[in-house]
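Input: a single structure, listed below in structure tokens.
The values are calculated or read from the model by the stated rules, or taken from the named source; none is laboratory data. These figures come from a predicted structure and were not determined experimentally. Using ideal geometry, Cβ is built from the backbone for each residue, glycine included, and neighbour counts are taken over all protein chains shown. Protein only, heavy atoms only, side chains kept; ligands, DNA and RNA dropped before computing areas. Shrake-Rupley method; radii C 1.70, N 1.55, O 1.52, S 1.80 Å.
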Amino acid sequence: MKLFASASDRRRGILAAVAVAVGFVALYLFVREYAAFLMDAEALRLWLRQFGVLAPLVFVAIQAIQVIVAPVPGQVVALVAGYLFGPLAGTVYSVTGVLIGSAIAFSLSKRYGRSFVEDVLHEDVVERFDGFVETVGLPGLFAFVIIPGLPDDAICFLSGLTKWRLPAFMGVIAVGRLPAYVLTVYAGGELASGRFLSGIALILVVVLASVIGYYKQEAIRDVIARVEPRLPF
């Protein structure tokens with residue numbers, strides 16, 4: 001089977017590859033310039049305010065970018081959402097951005113294949129989780145993404161290499177990522193309302209879960225891989 005069936009297909013393929021390359025160079029330059037700024041919740045909140053009514057759209061774009069560009073932490077951005085927009089609107093904007101970013105990561109991997117994913121992700125991440133994504137089903141993916149601190153953004157790229165369809169993948173991501181984002185956004189809303197104790201308590205819950213998830217990611221991966229095939233669904 002030929003990769004491109006005609007000269008026009010080859011031209012479209014080359015143009016698409018160039019567009020993707022230019023896009024990722026732009027994202028890299030953006031993150032290199034503004035990563036430290038994006039990780040400062042207060043600075044990000046003040047920066048977003050200058051966009052007025054367009055602030056939600058800018059925020060959704062930033063939240064989508066953080067999925068594709070790993071150095072930007074999604075929970076920090078979600079905290080700003082609660083602080084700036086309130087718990088309900090902040091959750092909607094955060095989850096919308098995450099879903100857009102996840103869909104883009106999945107679709108790019110689906111379109112451009114393994115070599116693209118290996119260029120985007122760190123070699124260590126690919127080695128540790130490539131086989132996991134290949135063997136577990138959607139229930140296993142859900143169990144993985146619901147725990148904060150795990151490399152769920154990388155999993156979005158790796159999932160594009162499987163036979164999963166985008167709608168099923170997006171359903172799992174939407175439900176699986178919701179709890180941690182709800183807690184973080186609500187914490188931001190509590191801080192904005194002056195209820196610092198409850199806000200900090202919620203942040204500590206998410207941070208603790210994230211730390212455990214990060215340091216126990218291999219153990220969690222192995223448990224899910226063993227248990228998931230025994231599930232009746």
How far, in nm, would the chain grow between Val175 and Leu57 when pulled straight, counting 0.36 nm per residue and subtracting the alpha carbon separation?
40.3 nm
Protein-only accessible surface order, largest first, of Thr96, Thr184 at 1.4 Å
Thr96, Thr184
Counting pairs of Cα atoms in the range 91-176, how many percent are more than 14 Å apart?
60
Out of residues 5 or more away from Gly86 or on other chains, whose amide H comes under 5 Å of its own, with H placed 1.01 Å from N in the peptide plane?
none
Rounded to whole Hz, the Karplus (6.51, -1.76, 1.60) HN-Hα couplings of the range 50-67, x for glycine and proline:
5, 8, x, 5, 8, 3, x, 5, 5, 5, 4, 4, 5, 5, 5, 5, 5, 6
Run the numbers for Arg165 and Thr96: contour at 0.36 nm per residue of separation, minus the present Cα-Cα distance, in nm.
22.9 nm
Can you tell me the dipole magnitude for the range 83-233 around its Cα centre, using point charges on the Cβ only (Lys, Arg +1; Asp, Glu -1), in Debye to the nearest 20?
460
Pairwise label distance in nanometres, Ile200 with Glu127, each label 7 Å out on the Cα-Cβ vector:
4.2
Using only the alpha-carbon atoms of the range 134-226, report the extent along each of the three principal axes, biggest first, to the nearest angstrom.
47, 28, 17
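Quote the charge dipole size of the range 64-142 about the Cα centre in Debye, to the nearest 20; the model charges only the Cβ of Lys and Arg (+1) and of Asp and Glu (-1).
Here the range 64-142 has a charge dipole of around 360 debye.
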For the residue pair Thr135 and Leu208, what label-to-label distance in nm results when each label sits 7 Å from Cα along the Cα-to-beta-carbon direction?
3.2
Spin-label proximity, Asp119 to the range 96-111 - amide N less than 18 Å from point 7 Å beyond Cα toward beta carbon
104-111
